[in-house]
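Take a look at the structure set out below.
The values are calculated or read from the model by the stated rules, or taken from the named source; none is laboratory data. Small disclaimer: the values here were computed from a predicted structure and weren't measured. Positions of Cβ are generated from backbone atoms using ideal geometry, with glycine treated the same way; all protein chains shown enter the neighbour counts. Accessible surface areas use protein heavy atoms only, side chains included; no ligands, DNA or RNA. Shrake-Rupley method; radii C 1.70, N 1.55, O 1.52, S 1.80 Å.
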Amino acid sequence: MKSYVRFLTFTLVLPILIFTVLLLVPDVTYSAITGVCSTCHTMHNSFQGQPMAKYSNGTSKPTPNPVLLITDCIGCHSGPVGDKSTYGAPIVYHTSNPGGTGPGKTLAGGDFYWVAQSGGDRKGHNVAGLANQDTLLGFTPPGWDPNATAGTKHVVAPSGWTQQLTCYGTYGCHGWSDGINYGLKGHHSNLSGALTSSDIGNASSVGASYRFLLGIWGYESSDWQWNATSATHNEYYGVNGNTNYSNKHTISYLCAECHGVFHSQTGGSSPWFRHPTDIVLPGTGEYANYNNGSGYSLASPVARPAIGSSSSSTVTPGDASTSNGAIVMCLSCHRAHGSEYDSILRWEYSNATQAGCKVCHTSK
Amino acid sequence: MWLWLLVMILLVLPLRVHAITSSLCSNCHTMHNSFQGSSMTNGTSSAQPLLLKYTCLGCHGMGGSQKIAYIGDIPVPQVLHTDPSGDLAGGNFAYITGAKQGNGTNPNRFGHNVIELGEAFRETAFGNDPPGHVHSFYGVDVRKYLSCAGYMGCHGDKRYYDAPQGTAAIKGAHHNNLNGKIDPPGTANPPGYYYRFLQGVKGYEISDWQNLDSTHHNEYYGSTSAPVNYGSFCENCHTSSGGVLARYGTISNFCATCHGNFHQQSTVGTSSPWLRHPTDVVIPNTGEFGNYTVYDPSVPVGRTYVPSSPSSTVTPGQDVVTCLSCHYAHAGPYPSMLRWNYSNVEAGRGSVSGCKVCHRNK
C-alpha cells in the first residue's frame, strides 16, 4: 500500500504540484524600477497637438528627448525640497537652498544647488545645463590623465575635453560612454542592493552598476541616504593598492577616469605627494581610532574591500579584505555632485577643527 | 467535335466577371431618389453621389446593437454601434459619440473626429493641422474636413488634388473590391484594389473584419525601410498631381501621410535611442522583445510580406511595429485611440499587456 502511495505521489501529485507552482510564477523578469510608463515617457512628443517634452526647468520643449523621455536628467532629478521629484526620482539638484548636505537635507551625492549659484564653481561639478563652464578650469578637469586609467570608457578621444561635463556619456559620469545618449539607458535594467557583477566593457552593465556608474561596484542604500545613519547607508567599493588601476570597479577608479593624476602620482607610500586613495586605512596609530571608535562616519565614510548584502556600522581599520574593512576613497572627503564647501568637500577644510580630516587623523 | 466542346464550355462560363458585392442593386442605390414622391435616401433628404441611398455612416455607422448589420442580404461592417460583444478591428466611433462609454473624460481623444459624426463631435483641440503634421495644410482647418473618405479622409482615392470627399471618393470600390490577400501591383489601381480601400495599402483582409484571437485577424503590411528610413521627401506622401498616396504600401506609411513627424527619420531617429516611438521597424529578436512569439490581437504586428492567411506566430527579427500595434484606426475606448489604457501600464509590475507585450521586461 505504501509503495502505491509513493508511486502516486511521484507520478501524479508531484508533477501537478510543480506544474501549479510554475503557472503561478510569472514568465517575465521585471526591472527594479516600477511605475506608470507615461510618468516618464511620451511616445510621439504630442498631446492634443502640443509637445509633451519639457526642458529641465519644466517649460515646454518643442523637440523630443532621446529614449522618448518627457524630460532630461536634470528635469527628472531636480525639485525644490525633499528627497524625490514629482517624477519620483531622487533629487540631486534642489532648486531651493537645502541648507547643507547630509541626511534630511540632500542625498548621498550632495547637491548641485551651490555650483548652480553665481560664483559657485568650486562647490560642485559644473555639469552642462546646471552650471556654466568653470571659469578657471575650462572644460578639462583638474588632474586629467587618460593614461592613469587604461581602458577607461570616459573621454577616450585623443582630442581631449572639447565640451562641458555632462551627467552621462563620454564626457559624463553615469552610463555608457560609447555614444553619449546611451548613458540614459539603464533605469529599466537597474539592479539594487549589493552590486558586484558589472563590467566596464559592457553597456548592459549600466543597470547592474552602482548608481549607473559603469563597472563600479557597491551597495545602494534604497533611500539614497536621505535617512542615513551609521548603520544604514551606501557602501562604496575600494581595494588596498590600486595605483595602476588594474581593478576597475572601485569608486576611486571612477574618479580617476577624469582626475588620474590625483591617483597615479601619489608617491606610493609615505611621505605622500598627494593624498592616497584605494589604500587601507591603517589599523595602527591615530587611524585605529577612526571616528573615535564610533563606527561608520557619514561625514568621512570609508570604502569596503568587500561588498556585503547590507550596510554596516562597523569599521575595522587595517582590515583590507572584509565588508567591515576600511579603504580610503575620494568620497571619504568629497561629495560626488556638489556641496556647500569649496572643492566639493564634505566639510569646511579651512576650519577642520570638528569632524572632517580628523575622523581619520584623530590625533592631528 | 472540338468546336462543339468549345461552345459548351463558353455556355457554362459566365458571360462577364461579376462584382465582388453581389446583391440587389436596389439595396444600395436609388435611381432618382424618389419613391412615390418621397426621398429614398437614409438619414438625409438630399440625393447622394453614385446614386447611393446612404452616406458612409448610413451604411457603416447605423448605431445599432450589432457590429455587423444587414442591408437586405448584405452583411455590412459597423464602425459605429453599441454591440456589447466587442468592436471590429478598426474600433468604434461610438466611443466618441458616447453611445459606448470610454475610459476618460474627453471623448474627442478616443478617435478620429470625422465630420460625418456631426458638428457636435468636431475636434476642438489642435490647430488647423493634424498632430504630427510635417507641414501646414495651407491654412485649411482639417478639423472641418476630416472625412471617412477622400482628399482629407482615409479611404478612397485621393491621389489628385481636389479629389472628392466622402462616398464619391470610393467610386467603384465596393464593386471591384478584392479580399483576402491584398497585394496589387503598383499604386495606380482604383481604391477597391487596396486594403480596406486605403489607396496604396497592402495587407490581408479577414473576411469578418474582426481581430478575434491569435489565429483570426487581419494582417497588416509593414516594412523595415519605409517610412522612417526614407527621410523627408515629398514623394513619401504625395503624388506629382498634388494628391496624397502611401507610396510604400505599409499601413504606417499611410498614417504618416497625415502624421508625418511621428514617422520620418529626422523627427523619430533611425536607431535607439529613439526620439519618438518608431514604426515600420523590425521588432528585435534580442532581449525582452524576443519573447513576443504568439500573435496578440490587442498588440498586432506588421509583416514584411503580404500573407495569404493569418498567422498566430510572431517572429521577432522579422515582423515589424506598426501604428496599429498601439492605436485603433477609427476610435477606441482609451485616450489617444490607444488599444489599452496607457496611464495604467506600469513598469516593474503588473501583467504582460499593452506596452509590455513587446517591452516584456520593463
Inset, instruction - Please report the Cα spread of chain B along all three principal axes, rounded to whole Å, starting with the longest. - result: 69, 61, 44
Legend entry - Shape call, region A:176-245: gyration tensor on alpha carbons, a/c limit 1.5: oblate
Inset, instruction - List every residue whose amide H lies under 5 Å from the amide H of residue A:101, counting only residues 5 or more places away in sequence or on a different chain, with H placed 1.01 Å from N in the peptide plane. - result: A:340
Legend entry - Surrounding net charge for residue B:224, when Lys and Arg each add one and Asp and Glu each subtract one, Cβ distance under 13 Å: -1
Inset, instruction - Have a look at region A:53-79 and report residues whose accessible surface goes down by 20 Å² or more when the remaining protein chains are included, against the chain on its own, probe 1.4 Å, ligands and DNA/RNA excluded. - result: A:64, A:66, A:67, A:68
Inset, instruction - Filter the cross-link list B:100/B:181; A:54/A:84; A:54/A:185; A:105/A:248; B:100/B:171 down to pairs whose alpha-carbon distance in this structure exceeds 22 Å. - result: B:100/B:181; A:105/A:248; B:100/B:171
Inset, instruction - Given the options A:260, A:338, A:82, state which has the largest fluctuation in a GNM of chain A using a 10 Å cut-off (strictly under) for Cα springs. - result: A:82
Inset, instruction - Could you tell me which of A:57, A:68, B:70 has its Cα farthest along the dipole of the protein assembly as shown towards the positive end, charges placed at Cβ (Lys, Arg +1; Asp, Glu -1), taken about the Cα centre? - result: B:70
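How crowded by other chains is B:268-279, given as the mean number of beta carbons from other chains within 10 Å of each beta carbon?
Partner-chain Cβ atoms within 10 Å, mean over residues of B:268-279: 5.
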Legend entry - Residue-wise HN-Hα coupling along region B:266-272, computed from phi with Karplus coefficients 6.51, -1.76, 1.60 (Hz; x: Gly, Pro): 5, 10, 10, x, 10, 6, 5
Legend entry - GNM flexibility winner over chain A from A:69, A:107, A:165 (Cα, springs under 10 Å): A:69
Inset, instruction - Find, to one decimal place in angstroms, the Kirkwood hydrodynamic radius of region A:238-364, where the mean of 1/r is taken over every pair of different Cα atoms and then inverted. - result: 14.7
Legend entry - DSSP beta bridge pairing in region B:215-362, given as percent antiparallel to the nearest 5: 75
Inset, instruction - For residue B:160, enumerate residues with amide H under 5 Å from its amide H, sequence gap 5+ or separate chain, H modeled in the peptide plane. - result: B:244
Inset, instruction - Using only the alpha carbon atoms of chain A, find the Kirkwood hydrodynamic radius as the inverse mean reciprocal pair distance, in angstroms to one decimal. - result: 22.1
Inset, instruction - Please list, in chain and number order, the residues 5+ apart from residue A:194 or on another chain whose amide H is under 5 Å from its amide H, with Hs placed from the backbone. - result: A:220
Inset, instruction - Give the relative contact order (percent, whole number) for chain A; include only Cα pairs under 8 Å separated by 6+ residues. - result: 14
Inset, instruction - Above 16 angstrom, tally the Cα pairs of region B:185-255 and express them as a % of all pairs, no decimals. - result: 51
Inset, instruction - Pick out, in residue order, every one of the chymotrypsin sites (Phe, Trp or Tyr not before Pro) in region B:161-243 that is DSSP loop and has at most 11 other C-beta atoms within 10 Å; say none if there are none. - result: B:233
Inset, instruction - Report the accessible area of residue B:121, computed with a 1.4 Å probe over the heavy atoms of all protein chains in place, in Å² rounded to the nearest 10. - result: 50
Inset, instruction - Would you please classify the overall shape of the protein assembly as shown from the alpha carbon gyration tensor, given that a ≥ b ≥ c denote the square roots of the eigenvalues, rounded means a/c under 1.5, and beyond that prolate means a/b larger than b/c while oblate covers the rest? - result: prolate
Inset, instruction - For chain B, just give the cysteines left without a disulfide-compatible partner, judged by no other Cys Cβ under 4.7 Å. - result: B:25, B:28, B:59, B:154, B:234, B:237, B:258, B:326, B:355, B:358
Inset, instruction - Please give the total accessible area that chains B and A bury against each other, computed with a 1.4 Å probe and expressed in Å² to the nearest 100. - result: 2600
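Of the listed peptides A:275-281, A:100-106, what is their order by residue-averaged count of other C-beta atoms within 10 Å, with the highest listed first? List each step's numbers first, then the result.
Values: A:275-281: 21.9, A:100-106: 19.1.
In descending order of packing, they fall as A:275-281, A:100-106.
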Legend entry - Value of D in µm² per second that Stokes-Einstein yields for region B:71-157, Kirkwood Rh from Cα pairs, at 4 °C (1.567 mPa s): 90
Inset, instruction - Taking the Cβ of residue B:282 as the centre, find all other residues whose Cβ is under 14 Å away and add up their charges (Lys, Arg: +1; Asp, Glu: -1). - result: -1
Legend entry - Carbon plus sulfur fraction of accessible area for the protein assembly as shown, probe 1.4 Å, in percent: 58
Legend entry - Listed residues B:349, B:159 arranged by accessible area, highest first, probe 1.4 Å: B:349, B:159
Legend entry - Selected from A:87, A:341, A:296 as most flexible by GNM, with chain A as the system and alpha-carbon contacts under 10 Å: A:87
Inset, instruction - Using the heavy atoms of the protein chains and a 1.4 angstrom probe, tell me the accessible area per residue for the protein assembly as shown in square angstrom. - result: 47
Legend entry - Around residue B:100: net Lys/Arg minus Asp/Glu count, Cβ-Cβ under 12 Å: -1
Inset, instruction - Just grab the label-to-label distance for residue B:175 and residue B:25, each label 7 Å out from Cα along the Cβ direction, in nm (one decimal). - result: 0.9
